[in-house]
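First up is the structure itself, then whatever we jot down about it.
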Amino acid sequence: MRELACRKCKTLTTEKTCPNDGSTELSKEWSGLIIVINPDRSQVAKTLGITKQGRYALKVS
Ligand SMILES: [Zn+2]
């Protein structure tokens, strides 16, 4: 099953709510998978404002 991306924080999930912030605003329309292992050292994570490790979508529409 394709994962859903949270519109607020871009976290990917197969749940009905975002595990990060509890949002139910999840979208099937996303692209660009980013896996953040060490947010402190990841330039991409900083650019996107990601502070926790996890899997994120680059773009959510
Ligand atoms: Zn979220």
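Only the coordinates and a few stated rules stand behind these numbers; no lab work does. For clarity, every value in this text was computed on a predicted model and none was experimentally measured. Please note: Cβ atoms are built from the backbone with ideal geometry, for glycine as well, and neighbour counts cover all protein chains shown.
Leaving out same-chain residues fewer than 8 places away, which aspartates and glutamates sit with a Cα under 17 Å from that of LYS10?
Partners within reach: ASP21, GLU25, GLU29.
Neighbour counts of other C-beta atoms within 10 Å: give me VAL60, VAL44, VAL36 arranged from fewest to most.
The order, fewest Cβ neighbours first, is VAL44, VAL36, VAL60.
Under the Cβ-under-4.7 Å rule, which cysteines of the chain stay unpaired?
Unpaired cysteines in the chain: CYS9.
Give the residue from SER31, THR17, GLN43 lying farthest towards the positive end of the charge dipole for the range 4-60; charges sit on Cβ (+1 for Lys and Arg, -1 for Asp and Glu) and the dipole is referred to the Cα centre.
Checking the options against the dipole of the range 4-60, the answer is GLN43.
May I ask you to derive the relative contact order of the chain, considering only C-alpha pairs under 8 Å and at least 6 residues apart, and to give it as an integer percent?
36 percent
Report the Cα-based extents of the chain along its three principal axes, largest first, to the nearest Å.
Principal axes ranked by extent give 30, 21, 18 Å for the Cα atoms.
Size of the dipole of the chain about the Cα centre, Lys and Arg at +1 and Asp and Glu at -1 on the beta carbon, nothing else charged, in debye to 20?
The dipole of the chain has a size of about 100 debye.
Would you compute, from DSSP H runs of 4+ residues alone, the mean residue ellipticity of the chain at 222 nm, taking -39500 (n - 2.57) per run and dividing by the full residue count, rounded to the nearest 500?
Dividing the helical sum by the residues of the chain leaves -2000 deg cm²/dmol.
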